[in-house]
Amino acid sequence: MRKNNCYVITGGPGVGKTSLLNELSKVGYKTVPEDARAIIKQELDSGGDGLPWKNKLRYTQLMFDASIATYKSIPANHDGIYFFDRGILDSICYARITGINVTEEMNQFAETLLYNQRVFILPPWQAIYHNDPERKQSWEEAKWTFDQMKATYIQYGYEIIEVPIGTVEDRADFVLSMI
């Protein structure tokens with residue numbers, strides 16, 4: 001089922017996705033926060049091992065399950081536009097880049113739970129990239145992740161729209177002009 005009112009905003013780590021989503025929310029659009037950051041925070045707070053630097057397999061499954069639940073939480077016939085901070089395919093891409101087997105079940109969900117055909121991807125931007133307790137990737141890893149995300153979404157048939165580097169307001173205006 002394709003939810004044409006649901007748009008994914010993706011890219012590597014630290015490229016301004018959250019800032020862009022905050023701006024879109026500020027101007028009245030519904031936004032869905034990134035599941036991965038919430039999982040990392042929850043695992044850190046609870047002493048769990050479902051972390052990308054501890055148990056990648058558990059982390060991937062938690063992230064995938066959360067992205068499915070988040071997708072399903074949006075009504076299919078809702079008129080409002082939703083912007084997602086990452087989508088189901090981000091979990092699949094993460095599995096691939098960490099050497100975790102992408103199961104047939106994962107592929108089936110990715111091929112049937114569909115967002116709008118247009119996916120917005122933010123390119124690496126070194127001027128704003130920084131590490132924090134949940135983001136430990138190097139700049140080189142961030143650039144490589146961007147390339148892998150782009151390839152994954154293309155492989156599953158999405159149209160990739162690269163959001164130009166610029167102010168958060170300019171980026172939001174660009175995204176809105178493309179929908």
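Remarks
- All positions within region 167-179 that are closer than 15 Å to residue 11 by Cα and either of a type in the set (Ser, Thr, Tyr) or part of a loop (DSSP other than H, G, I, E, B) (or both): none
- Test: residue in region 6-15 that is in contact with a helix residue (DSSP H, G or I) (Cβ under 9 Å, 6 or more places away or on another chain), exposed (fewer than 15 other Cβ atoms within 10 Å of the Cβ) and more than 17 Å from residue 153 (Cα to Cα): no
- Only one of the numbered conditions (1) open to solvent by 60 Å² or more (accessible area, probe 1.4 Å); (2) modelled with pLDDT of 90 or more is violated by residue 41, and that is (2).
- For residue 154, the test of being modelled with pLDDT of 95 or more and under 13 Å from the mean Cα position of the chain (by Cα) is failed.
- If you go through region 19-33 and keep only what is out of contact with any helix residue (DSSP H, G or I) (no Cβ under 7 Å at 6 or more places or on another chain) and either over 16 Å from residue 85 (Cα atoms) or open to solvent by less than 80 Å² (accessible area, probe 1.4 Å) (or both), you end up with 21, 25, 28, 29.
The values are calculated or read from the model by the stated rules, or taken from the named source; none is laboratory data. Remember, it's a predicted structure, so these values are computed and weren't measured experimentally. Note that each Cβ is placed from the backbone with ideal geometry, even for glycine, and that neighbours are counted across all protein chains shown. These accessible areas exclude ligands, DNA and RNA; they are computed on the full protein's heavy atoms, side chains included. Shrake-Rupley method; radii C 1.70, N 1.55, O 1.52, S 1.80 Å.
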